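S.K.: First the structure, which I've put down as structure tokens, then a few questions once you've had a look.
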Amino acid sequence: MATQFDSALRPQLISRRQRLQEALTVSPDHSYLSSLLQEVDSALSRMDDGSYGLCETCHEPIEKERLAADPLLRFCLDHLTAPQQRALEQDLQLAGQIQTALLPRNDLTFNGWRAIYHYQPAGPVSGDYCDLIPAEDGSLFFMLGDVSGKGVAASMLMAHLHAMIRALAGIGLPLEEIVKRTSRLFCENTLADHYATLVCGRADKNGSVQLCNAGHLPSLLAQKRSIRSINSTGLPLGLFCSEEFSIEKITLNAADRLFLFTDGLTESQNPQALELGLAPLIEMMQTSQDQPVHEFMRSCLSHASRFRAGAPPRDDLTMMVIERIV
């Protein structure tokens with residue numbers, strides 16, 4: 001019986017088969033097109049007999065994110081041929097370069113605001129999303145999010161999310177409408193089990209900030225020697241195609257800071273499999289409000305590294321600080 005994942009990919013394969021058949025009517029002797037058609041037919045046959053998505057060598061499941069990117073795969077990562085391994089390494093290197101090019105300028109100063117971030121993929125590519133957009137009206141958009149899944153498929157979804165929000169932020173929509181439309185587009189153009197958490201904010205030159213949290217971790221506001229946690233105001237993007245989102249309005253004065261982060265920070269694990277959690281971050285914010293933001297970032301990274309006791313990060317890690325400087 002076909003799984004939900006198979007059912008989601010089947011229409012893609014059928015569409016590709018139709019296009020291949022159309023191309024073969026024009027070039028019937030094209031061996032490459034004939035070979036691709038055979039691959040598509042083989043994949044559809046495996047869906048019918050229940051073997052689709054299983055490695056033909058070890059019979060274990062092929063990585064779902066790889067199948068989402070290439071539904072014709074027949075082998076898991078452990079059983080790629082040497083040429084396939086080299087091609088994958090080259091693809092990952094290129095994907096990493098593309099992701100780096102999408103990142104915004106770091107340590108950005110704009111209309112009384114300063115924004116810095118730390119972006120650390122756990123592997124060659126990342127599913128974390130990070131962006132800063134100085135708008136023509138003098139406001140600063142800032143975004144930080146986390147796409148479901150890992151690897152190349154998550155990085156592709158991150159780039160998709162980046163493009164959608166960039167396009168919508170440039171046409172003067174209210175913040176909640178930007179998030180609402182992004183969620184609908186994400187839902188309509190990705191697989192059913194794909195979604196993204198997101199914190200999206202708009203900082204105006206008078207110090208006011210609108211904040212929309214779509215299923216992401218709380219943001220931490222350091223203000224007047226106290227730390228306030230600003231929780232999610234909606235579901236993650238893409239779970240449903242008709243989601244509604246609300247915003248929270250806050251005002252930052254000089255030296256106030258807003259701290260955003262992904263779960264690669266809070267879910268850092270020690271050798272006993274305990275997670276770092278939120279409490280140490282709140283404590284660090286309380287004791288570091290007089291420190292420059294870069295020192296605070298370094299303190300967070302050092303604390304997480306000591307907590308892991310030498311173990312490598314298990315997930316992508318992104319942090320962002322938005323600071324009022326006037």
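The values are calculated or read from the model by the stated rules, or taken from the named source; none is laboratory data. Values in this document were obtained by computation on a predicted structure and should not be read as measured data. A quick note on method: Cβ atoms are made from the backbone with ideal geometry, for glycine too, and the neighbour counts reach across all protein chains shown.
S.K.: For segment 15-34, state whether one or more residues are part of a loop (DSSP other than H, G, I, E, B), under 26 Å from Ala192 (Cβ atoms), among the small types (Gly, Ala, Ser) and modelled with pLDDT of 85 or more.
M.R.: Narrowing segment 15-34 to residues part of a loop (DSSP other than H, G, I, E, B): 27-30.
Narrowing the set further to residues that are under 26 Å from Ala192 (Cβ atoms) leaves none.
Taking every residue of segment 15-34 in turn, none turns out to be part of a loop (DSSP other than H, G, I, E, B), under 26 Å from Ala192 (Cβ atoms), among the small types (Gly, Ala, Ser) and modelled with pLDDT of 85 or more.
S.K.: Considering only residues that are under 12 Å from Leu80 (Cβ atoms) and surrounded by 15 or more Cβ atoms within 10 Å (Cβ to Cβ), look in segment 49-69 and name the one that is farthest from the chain's Cα centre (by Cα).
M.R.: Taking the candidates together, the pick is Cys55.
S.K.: It is to be established whether one or more residues within segment 232-243 are among the hydroxyl-bearing types (Ser, Thr, Tyr), in the same structural domain as Gly149 (by TED's automatic domain parsing), part of a strand (DSSP E or B) and closer than 23 Å to Tyr129 by Cβ.
M.R.: No: zero hits.
S.K.: Does Ile227 qualify as being in contact (Cβ under 8 Å) with a residue 40 or more places away in the chain and out of contact with any Asp or Glu (no Cβ under 7 Å at 6 or more places or on another chain)?
M.R.: Yes.
S.K.: In the list Ala101, Ala69, which residue meets the criterion of being small (Gly, Ala, Ser) and without any contact (Cβ under 8 Å) to a residue 12 or more places away in the chain?
M.R.: Ala101
S.K.: Being touching a Phe, Trp or Tyr at 6+ places or on another chain (Cβ under 6 Å) and outside any loop (DSSP other than H, G, I, E, B) narrows it down to one of Lys180, Lys249, so name that one.
M.R.: Testing whether each residue is touching a Phe, Trp or Tyr at 6+ places or on another chain (Cβ under 6 Å) and outside any loop (DSSP other than H, G, I, E, B) leaves just Lys180.
S.K.: Please indicate, with yes or no, whether at least one residue in segment 132-150 is in contact (Cβ under 8 Å) with a residue 24 or more places away in the chain, farther than 26 Å from Thr109 by Cβ and among the aromatic types (Phe, Trp, Tyr).
M.R.: Looking through segment 132-150, none of the residues is in contact (Cβ under 8 Å) with a residue 24 or more places away in the chain, farther than 26 Å from Thr109 by Cβ and among the aromatic types (Phe, Trp, Tyr).
S.K.: Would you confirm, using the coordinates I've provided, whether Asp315 is surrounded by 15 or more Cβ atoms within 10 Å (Cβ to Cβ) and part of a loop (DSSP other than H, G, I, E, B)? Please lay out each step first, then the result.
M.R.: On the way: surrounded by 15 or more Cβ atoms within 10 Å (Cβ to Cβ): yes; part of a loop (DSSP other than H, G, I, E, B): yes.
Criteria met by Asp315.
S.K.: Also: Inside segment 109-145, can you point out the residues that are more than 19 Å from Leu161 (Cβ to Cβ), among the β-branched types (Val, Ile, Thr) and touching a Gly at 6+ places or on another chain (Cβ under 6 Å)?
M.R.: Result: no residue meets the conditions.
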